[in-house]
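Let me begin by presenting the structure, written as structure tokens, before commenting on it.
The values are calculated or read from the model by the stated rules, or taken from the named source; none is laboratory data. Everything numeric in this text was worked out from a predicted model, so none of it was measured. Neighbour counts are summed over all protein chains in view; Cβ atoms, including those assigned to glycine, are modelled from backbone coordinates with ideal geometry. Note: areas computed on protein heavy atoms with side chains; ligands, DNA, RNA excluded. Shrake-Rupley method; radii C 1.70, N 1.55, O 1.52, S 1.80 Å.
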Amino acid sequence: LPAARPRALYTANDPLELLGAGAEGRLLGSPSAWVVEFFASWCGHCVHFAPTWRALAHDLREWRPAVMLAAVDCADEANQQVCADFGITGFPTLKFFRAFSKKAEDGIRIISPSATIEDLRRAIITNLEQSQDAWPPACPPLEPASAAEVHTFFQRNKDQYLALIFEKSNSFVGREVALDMVQYENVAVRRVLSSEEELVEKFGVTTFPSAYLLLRNGSFSRLPVHVEARSFYTYYLRMLSGVTRGSYKLNATIGASNETAASLLKHADRSKVYMADLESTLHYSLRVEAARPAVLAGDRLDTFRCYVAMLVKYFPGRPCVQTYLQSLDSWLRNWTEPELPRSALKEAMKNNRDASHPAVLPTNVTWVGCQGSEPQFRGYPCGLWTIFHLLTVQAAQSGPNKEMPLEVLNTMRCYVRHFFGCRECAQHFEAMAAESMDRVASREEAVLWLWSHHNEVNARLAGGDTEDPKFPKLQWPPPDMCPQCHKEERGVHVWEEPAVVTFLKAHFSPANIYRDYTEADPVPVVNLVPMAREGAGTRLGTESPREESRKEEEEEEKEMEGETRFLGQPGSPEPRRPTIARLNPKLREVGEDIVDLDSFSERHYKSQALRAAAGRRRRISKRDTIALPRDAGMSRERRRAPGVLVREEEEEETGEGVRKSPWLRVLGLGFSRLDISLCITLYFLSSMCLLGMYTFFRLRTRARKGRPGFPVA
């Protein structure tokens, strides 16, 4: 049976520090030497290297506090700034920090993580020996001992035992044993080279390596071990009488453990493409991976521009995401400096929810179709493959088949080369691209090239440490999803490539992208205004009558000011005469106001609805009957309501009397000035009509009576 897989790459049970935000405080200025692995939990090579790093941590656990091992998960966005400060651009990266290091740049990159545990252990010792000016206080001397030092050792030290490891100059056994015994008291370990003839002759050493034990009384003996090796020496020395472990204890992990409780898998249909996967991938790709270098310049900057431009051209995102990509692309086009600092790029990539057309790329990472059974499986690599498949298919359906066949593939190749965190993965992809990508001659061939090489990667990684046991790496699409894609010739399985192209175009079409588990679309700012007014009206209904009266007057004043501006009064910043006949030039030459009744009615009844929502009874004011001020260009005319012109009375006193009459206030209850004006006009017309009919019939009757009668026969 396969061994149980860890829930995370490293846990609190491992003898290493899991660092995160604030890692600088632990690494810089520390009296210990630190060896740190910067990794990404989704990185396949990191998953493959994790058992080696974990085994190394167990092997060197007794070297603490002289040498400390740690790990930082750069895939966690909370650690993005830490990894950027330490200049991490690929995973996994191992850095050695000498004791009392002052700057993040002091970290020394050590040998390739593909080395064995023994190679890594020796690399750590080599870097430790080169930091003589910042020697860890807890670290024992690692340089070879001289005869004079051995002769005077017990005079200068209180240790009960002195172990001498005789070895050749290229051996690391003596230094490894010395570090293994750091935590133990009453015993010291020194290495003696085979070239130290005085000591070799004194102790009668004939084989290298070999170990001898000196006591304070001057006696010595050879360590009786079965094998002259590190582990045998260490075990024997720890079992000596009086040798005890010191007060140092393994520290509890300070950083938050990346061990997470198992969560229920989201329901996902593998025949669908999920927008949540695509947006999560874009967020991580743009805001984390591309923003990892301190400065984008040269080929990196050109690659990033091409990548964003390609997303604008082919990514079928939601409107808010498309607006976000377009604004970022426009910003990059306007950037003329040869270098783009990380701070400026991160500022440009912030969401803008306050615009009339929100530019938003969700910041939460939610995997649906690309979810893994554990945090280190699938996720971002799966999402990036999905994005690239989607872009090749959209390009194939958007233009002539033979035109620019490598447009997407070249951009993808450059992105992986310059930004993809798993450097071993990037090297594998570059090797595949260099081998055959230049032979792609059409956009459909680009779709097939990416599909076939993705299947090659799946075949290479199947059964390895990076494979999710619940989502095995299979050749895709499987027969149950596309039976037409498979056939056999002479008993050998072959792909039906025309059917594969048809399937890929359907699978990665916008119609097959589902919005399950995505954030809600942002609401444009313009839609929030009516909501705010409605909320204000609700709050007004709970205030005292005095406050209601005061705020009503303020509302009416603002309304009157708005109506004045609407009519083009001098207080308006841009005087404009409303018209419903804007296209008739003859009517424009006339100096009369032709009213837009629709606009006026909308404003009038919206104002009344606002008052009704506040639950207040309309209050009668002088403004209901008072006329507006005269226009500068209107002689002896005034406006009694918006857009309604009434000839001013010849005598001002009469007008004042009308304005001050209380009867008009009573008659105007609940009616606007326009309503009253229309009623008066209709009443006058009706009266004239009745008077005309009365006059007509009266004259007709008189005419009948005045006629002479006919003579009687």
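Observations on the structure shown:
- Checking L301, L340, L278, L265 one by one, the residue that is in contact with a strand residue (DSSP E or B) (Cβ under 8 Å, 6 or more places away or on another chain) and outside any helix (DSSP H, G or I) is L340 and no other.
- Of the candidates E24, E37, the single residue that is of a type in the set (D, E), under 31 Å from the mean Cα position of the chain (by Cα) and not in a helix (DSSP H, G or I) is E37.
- Considering only residues in the stretch 383-415 that are in a helix (DSSP H, G or I) and open to solvent by 30 Å² or more (accessible area, probe 1.4 Å), the one that is modelled with the lowest pLDDT turns out to be S398.
- Looking across S356, S330, one residue alone is out of contact with any strand residue (DSSP E or B) (no Cβ under 6 Å at 6 or more places or on another chain), surrounded by fewer than 20 Cβ atoms within 10 Å (Cβ to Cβ) and assigned to a helix (DSSP H, G or I). It is S330.
- Selected residue (criterion: most open to solvent (accessible area, probe 1.4 Å)) from residues of the stretch 453-493 that are touching a residue at least 24 places away in the same chain (Cβ under 8 Å) and more than 30 Å from P51 (Cβ to Cβ): M481
- Residue list for the stretch 117-142, restricted to those being assigned by the TED database to the domain that holds W34, touching a residue at least 12 places away in the same chain (Cβ under 8 Å) and open to solvent by 60 Å² or more (accessible area, probe 1.4 Å): R122
- Residue match in the stretch 35-50 (condition: closer than 30 Å to L384 by Cβ, of a type in the set (G, A, S), open to solvent by 10 Å² or more (accessible area, probe 1.4 Å) and not assigned by the TED database to the domain that holds L296): yes
- Filter result (touching a helix residue (DSSP H, G or I) at 6+ places or on another chain (Cβ under 7 Å), open to solvent by less than 60 Å² (accessible area, probe 1.4 Å) and more than 22 Å from G369 (Cβ to Cβ)) within the stretch 437-447: M437, V440, R443, A446
- Residues that are charged (D, E, K, R) and touching a residue at least 24 places away in the same chain (Cβ under 8 Å) within the stretch 159-201 comprise D159, E167, K168, R175, E176, D180, E185, R190, R191, E196, E198, listed in sequence order.
- Screening the stretch 40-154 for helices (runs of 4 or more DSSP H) wholly inside it with 3 or more residues that are closer than 30 Å to S285 by Cβ and within 38 Å of the chain's Cα centre (by Cα) returns the ranges 44-59, 80-85.
- Consider the stretch 39-94 and keep the residues that are within 25 Å of S373 (Cα to Cα) and of a type in the set (V, I, T). The one that is modelled with the highest pLDDT is V72.
- Residues that are surrounded by 19 or more Cβ atoms within 10 Å (Cβ to Cβ) and either among the polar types (S, T, N, Q) or free of Cβ contacts under 8 Å to residues at least 60 places away in the same chain (or both) within the stretch 57-69 comprise A57, M68, L69, listed in sequence order.
- Which numbered condition E198 fails, given (1) part of a helix (DSSP H, G or I); (2) closer than 25 Å to P136 by Cβ; (3) not aliphatic (A, V, I, L, M): (2)
- Count - residues of the stretch 443-485 that are closer than 13 Å to T502 by Cα and touching a strand residue (DSSP E or B) at 6+ places or on another chain (Cβ under 8 Å): 1
- Cβ-Cβ under 6 Å pairs, at least 6 apart or on other chains, the stretch 402-429 side under 14 Å from T89 (Cβ atoms), far side among the aromatic types (F, W, Y) and in a helix (DSSP H, G or I): Y415/Y307; V416/F429
- Applying the set (1) at pLDDT 90 or above; (2) in a loop (DSSP other than H, G, I, E, B); (3) farther than 25 Å from S169 by Cβ; (4) not aromatic (F, W, Y) to T206 leaves exactly one unmet item: (3).
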